[in-house]
Amino acid sequence: MIILTKRKIMENKENHKKYCFDIAFEWEDILSEKLSKPIYSRSEFEFKFDEKCRGIWKKTGIPIFRIFSLFDIKRDKGIFMFDMATKQQDGIYNNKKYIPCLIDYYLDNEQYKFFINAYKKNPFVLVSSREVYEYFTEKKCPIKTYHFPLSLPDYYIQMEKRFVKEYDLVLFARQNPLLQKYVDKYEDKYPDFNLVRRKYENGHYIYYQSRTGKTVSYGDTREEYINLVRRSKIAVYSTPGMDETRKDANGWNQVTPHFLEEVAGQCHIIARYPDNADTRWYELSNICKCVQSYDEFESLMNQYLKEDVDIQKYNIYLEKHVTSQRAKLLEKIMRANELF
């Protein structure tokens with residue numbers, strides 16, 4: 001078994017494009033260390049060749065990517081790889097050597113057949129979303145699938161240390177439109193509310209204090225981002241398909257790593273999420289409430305600004321969701337399929 005990474009390809013990309021891959025590279029490093037398996041980087045040629053081949057296949061139906069197997073002899077079977085977005089076209093990685101782990105599955109029912117065609121030659125597919133995994137099970141998906149949940153790198157958890165909170169609320173990542181309205185209304189009502197917002201400008205995500213406009217962080221690195229999470233008293237969170245947080249999510253509501261990062265940052269969390277297989281698997285209701293109105297939001301804000309989180313409860317929760325635990329699961333799955 002080896003781990004195939006995209007990190008060399010992302011080196012020359014813009015900051016905001018590289019950012020979403022950083023946590024995947026951290027997962028790869030921990031999986032490599034815990035399983036004693038090497039990491040190999042995809043080449044720029046290989047990546048572009050795959051894109052070109054999938055494009056040709058989509059237009060003509062000619063599977064010219066099959067010639068890739070002629071010069072891919074250096075790799076053994078059992079090549080694990082993260083697919084940040086689910087493919088819809090057949091390509092060079094759709095063969096018996098590769099084990100893809102799907103991070104974002106946002107396809108609709110009509111696109112399901114394209115997923116089948118793009119992965120049908122893989123020995124099996126790992127699916128990070130429990131919601132999607134159960135959807136595949138219900139549809140009697142012809143591809144063997146396993147649930148391989150997202151996780152948090154172990155080193156983000158500081159068991160004994162309580163973080164100093166400088167801001168009342170920092171708005172991280174993509175925002176839920178309903179929660180955004182609640183935050184705006186709360187800020188208008190409470191003039192002392194210390195809110196940090198985010199904007200994208202000149203290739204950077206800039207975090208700034210809402211009332212003064214003062215920049216507090218550029219968030220260009222994972223370290224900067226994690227440090228900012230640790231300085232926020234409260235965080236808001238939403239699953240992708242809730243209230244059209246992501247318009248391309250097609251109603252899928254996978255729990256994302258942002259949730260685990262906010263728990264590790266010792267933030268009180270006010271959230272919007274549905275009751276589904278994913279939110280139940282991650283036990284969201286034990287950590288945060290799904291608010292149903294502005295009045296409930298305001299009440300929780302006022303309560304949380306006065307109290308600290310229960311870090312022992314948070315740490316016990318996070319111990320189940322660290323990447324080292326996922327490494328054990330991956331080894332079990334790979335051994336069961338004689339690919340370890």
Report task. Determine if the range 251-264 includes at least one residue that is in contact with a helix residue (DSSP H, G or I) (Cβ under 7 Å, 6 or more places away or on another chain) and of a type in the set (Gly, Ala, Ser). Result -> yes
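Filter the range 222-232 down to residues that are open to solvent by less than 30 Å² (accessible area, probe 1.4 Å) and of a type outside the set (Phe, Trp, Tyr), then give me how many there are. Lay out the reasoning, then the answer.
Filtering the range 222-232 down to residues open to solvent by less than 30 Å² (accessible area, probe 1.4 Å) leaves 222, 225-226, 228-229, 232.
From what's left, of a type outside the set (Phe, Trp, Tyr): 222, 226, 228-229, 232.
Qualifying residue count, the range 222-232: 5.
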Query raised in the report: Say we look at the range 251-281 and pick out the residues that are without any contact (Cβ under 8 Å) to a residue 60 or more places away in the chain and among the hydroxyl-bearing types (Ser, Thr, Tyr); which of these is surrounded by the most Cβ atoms within 10 Å (Cβ to Cβ)?
Result: Tyr273
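Just for helices (runs of 4 or more DSSP H) wholly inside the range 273-340: which have at least 1 residues that are modelled with pLDDT of 95 or more, among the basic types (Lys, Arg) and under 23 Å from Thr239 (Cβ atoms)?
277-281, 311-318, 323-336
Here is a list: Lys328, Lys332, Lys306, Lys320. Which entry is surrounded by fewer than 19 Cβ atoms within 10 Å (Cβ to Cβ) and touching a helix residue (DSSP H, G or I) at 6+ places or on another chain (Cβ under 9 Å)? Break it down into steps so the answer makes sense when it comes.
Details: Lys332 fails: touching a helix residue (DSSP H, G or I) at 6+ places or on another chain (Cβ under 9 Å); Lys306 fails: touching a helix residue (DSSP H, G or I) at 6+ places or on another chain (Cβ under 9 Å); Lys320 fails: touching a helix residue (DSSP H, G or I) at 6+ places or on another chain (Cβ under 9 Å).
Just one listed residue meets the conditions, Lys328.
Could you tell me which of the residues Phe172, Phe136, Phe163 is buried (at least 18 other Cβ atoms within 10 Å of the Cβ) and over 26 Å from Met242 (Cα atoms)? Give the derivation first.
Values: Phe172 fails: over 26 Å from Met242 (Cα atoms); Phe136 fails: over 26 Å from Met242 (Cα atoms).
Checking each option against the conditions leaves just Phe163.
Rundown of residues vs (1) surrounded by 14 or more Cβ atoms within 10 Å (Cβ to Cβ); (2) in contact with a helix residue (DSSP H, G or I) (Cβ under 7 Å, 6 or more places away or on another chain); (3) under 29 Å from Lys306 (Cβ atoms), yes/no style:
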| site | (1), (2), (3) |
| --- | --- |
| Tyr112 | yes, no, no |
| Pro123 | yes, no, no |
| Leu150 | yes, yes, no |
| Tyr156 | yes, yes, yes |
| Leu179 | yes, no, yes |
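Among the residues of the range 238-253, is any of a type outside the set (Phe, Trp, Tyr), in a helix (DSSP H, G or I), closer than 22 Å to Pro153 by Cβ and touching a Lys or Arg at 6+ places or on another chain (Cβ under 9 Å)?
Looking for residues that are of a type outside the set (Phe, Trp, Tyr), in a helix (DSSP H, G or I), closer than 22 Å to Pro153 by Cβ and touching a Lys or Arg at 6+ places or on another chain (Cβ under 9 Å), one finds none in the range 238-253, hence no.
The values are calculated or read from the model by the stated rules, or taken from the named source; none is laboratory data. Bear in mind the structure is a predicted one, so any value in this text is a computation, not a measurement. Cβ coordinates were reconstructed from backbone atoms using ideal geometry, including for glycine residues, and neighbour counts include every protein chain displayed. All accessible areas refer to the heavy atoms of the entire protein, side chains included, with ligands and DNA or RNA removed. Shrake-Rupley method; radii C 1.70, N 1.55, O 1.52, S 1.80 Å.
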